[in-house]
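Asker: Take a look at this one; I'll ask things after.
The values are calculated or read from the model by the stated rules, or taken from the named source; none is laboratory data. None of these values were measured; they are calculated from a predicted model. All Cβ positions, even for glycine, are placed from backbone atoms using ideal geometry, and neighbour counts span all protein chains on display.
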Amino acid sequence: MYINEKPFQIGDIVLDNRVVLAPMAGVCNSAFRLTVKEFGAGLVYAEMISDKGLIQRNQKTLDMLYIDEREYPLSLQIFGGEKETLVEAAKFV
């Protein structure tokens, strides 16, 4: 099967193909994601983002939230160790 043979669907999001960029810390910034999109990826991931960094409004962490509209659809992962802080960070995003 070719990657563009039929669409790929996750929930109500339909992707052009099944090519997905894996999340990579220190690599998946907006410029890299845009490049991967230009090469045809159906879905890109932002870097994994710390729940505590979001809650504490750490500027470096907040900068990782930058998304160019050409990247859509895009997936974002938040990591942490406590349910309460993960929920708070998800609400913030």
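Asker: Within region 20-59, restricting attention to residues that are part of a strand (DSSP E or B) and among the aliphatic types (A, V, I, L, M), which residue is surrounded by the fewest Cβ atoms within 10 Å (Cβ to Cβ)?
Answerer: V20
Asker: Report whether or not G42 is more than 30 Å from N17 (Cα to Cα) and touching a strand residue (DSSP E or B) at 6+ places or on another chain (Cβ under 7 Å).
Answerer: In short, no.
Asker: Name the pairs: first residue in region 63-77 and within 15 Å of L43 (Cβ to Cβ), second residue among the aromatic types (F, W, Y), Cβ to Cβ under 6 Å, at least 6 apart or on different chains?
Answerer: S75/Y45
Asker: Give just the number: which of (1) at pLDDT below 90; (2) aliphatic (A, V, I, L, M); (3) under 17 Å from A90 (Cα atoms) does L62 not satisfy?
Answerer: (1)
Asker: Kindly provide the set of residues from region 61-83 that are within 13 Å of the chain's Cα centre (by Cα) and of a type in the set (D, E), ordered by number.
Answerer: D68, E69, E71 - these are the residues of region 61-83 that are within 13 Å of the chain's Cα centre (by Cα) and of a type in the set (D, E).
Asker: If you don't mind, another one. Would you confirm whether or not region 18-26 contains a residue that is at pLDDT 90 or above, touching a helix residue (DSSP H, G or I) at 6+ places or on another chain (Cβ under 9 Å) and of a type outside the set (D, E, K, R)?
Answerer: The answer is yes, given that some residue of region 18-26 is at pLDDT 90 or above, touching a helix residue (DSSP H, G or I) at 6+ places or on another chain (Cβ under 9 Å) and of a type outside the set (D, E, K, R).
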